[in-house]
Amino acid sequence: MIRKARVGDLEGLLRLYDQLRSGVSLIRRAPTRPDAVHQEALKKLMADKSVHVLVYQSGKKIVGTCTAYILPRLYRGRPLGVLDTIVVDSDSRGHGVGRKLIEEAAQICRKAGCGQVNLTSNTQRVRAHRFYESLGFEPTYIGFRRALQ
Ligand SMILES: CC(C)(COP(=O)(O)OP(=O)(O)OC[C@H]1O[C@@H](n2cnc3c(N)ncnc32)[C@H](O)[C@@H]1OP(=O)(O)O)[C@@H](O)C(=O)NCCC(=O)NCCS
């Protein structure tokens, strides 16, 4: 079942985000513990009508997540859909969970008037790139990042 995230999903979301982070890092870190900052951030995201934090629930467990952002734009007069933090639990991969989350997120963006959805992916995530291409995404852009102090 795919639904929007609730406050009670915080721990499950952080567990998945830890898996996302460890996928490109050789450094093993302790699991992220939910704190007041995370709680506040999730509440803020939930209250924002242009943000959709989706979770895939299987039984009582959150086994996947994807967040869709609807960005208002003057260019072409249509908003842009941006997908972020896409991850499926390591035990649940290869069963269509990721595909269903992406399709649901794309449908939300479509309904919001977006003409396209973009996402960025670390250059090292070659398997994820194949996953995106199998879902119709084209590797069109180069992403740039600058850390802010
Ligand atoms: C990438 C990820 C989200 C895919 O989720 P998933 O649930 O395993 O993928 P699905 O089972 O829904 O696969 C959907 C389609 O993509 C294809 N696919 C999935 N992984 C693939 C891979 N590694 N190589 C080629 N194709 C792949 C499947 O064949 C499937 O096609 P089908 O529907 O025609 O059978 C998941 O593997 C994951 O969380 N990886 C680690 C975190 C990560 O890299 N996230 C992306 C950050 S940018």
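Among the trypsin sites (Lys or Arg not before Pro) within the stretch 1-84, those in coil by DSSP and having at most 10 neighbouring Cβ atoms inside 10 Å are R28, R29, K49, K60. Looking at the chain, the DSSP beta bridges with both ends there are about 90 percent antiparallel.
For the stretch 115-122, 3J(HN,Hα) computed residue by residue from phi via the Karplus equation (6.51, -1.76, 1.60; θ = phi - 60°) reads x, 7, 10, 10, 8, 10, 8, 3 Hz, glycine and proline entered as x.
Under the rule that an exposed site lies in a DSSP loop and has at most 13 other Cβ atoms within 10 Å, name the longest stretch of the chain with no chymotrypsin sites (Phe, Trp or Tyr not before Pro) of that kind, not counting the sites themselves. The partial results should precede the final answer.
On the way: sites that count: Y141, F144.
The answer is 1-140.
In percent, what relative contact order does the chain have, based on Cα pairs under 8 Å that are 6 or more apart in sequence? Relative contact order comes out at 20 percent.
How much mean residue ellipticity at 222 nm does the chain get from its helices, if each DSSP H run of length 4 or more adds -39500 (n - 2.57) and you divide by all residues, to the nearest 500 deg cm²/dmol?
Details: 4 runs with 49 residues, N = 149.
Taking each H run of at least 4 residues, the total per residue is -10500 deg cm²/dmol.
Ordering E138, E133 from the fewest to the most neighbouring beta carbons within 10 Å gives E138, E133. Just give me a number: lysine pairs in the chain, eight or more positions apart or cross-chain, with C-alpha atoms less than 16 Å apart. Counting lysine pairs in the chain gives 8.
Just so you know, all these numbers are worked out from the coordinates, no wet-lab data involved. These figures come from a predicted structure and were not determined experimentally. Virtual Cβ from ideal backbone geometry, glycine too; neighbours counted across all protein chains shown.
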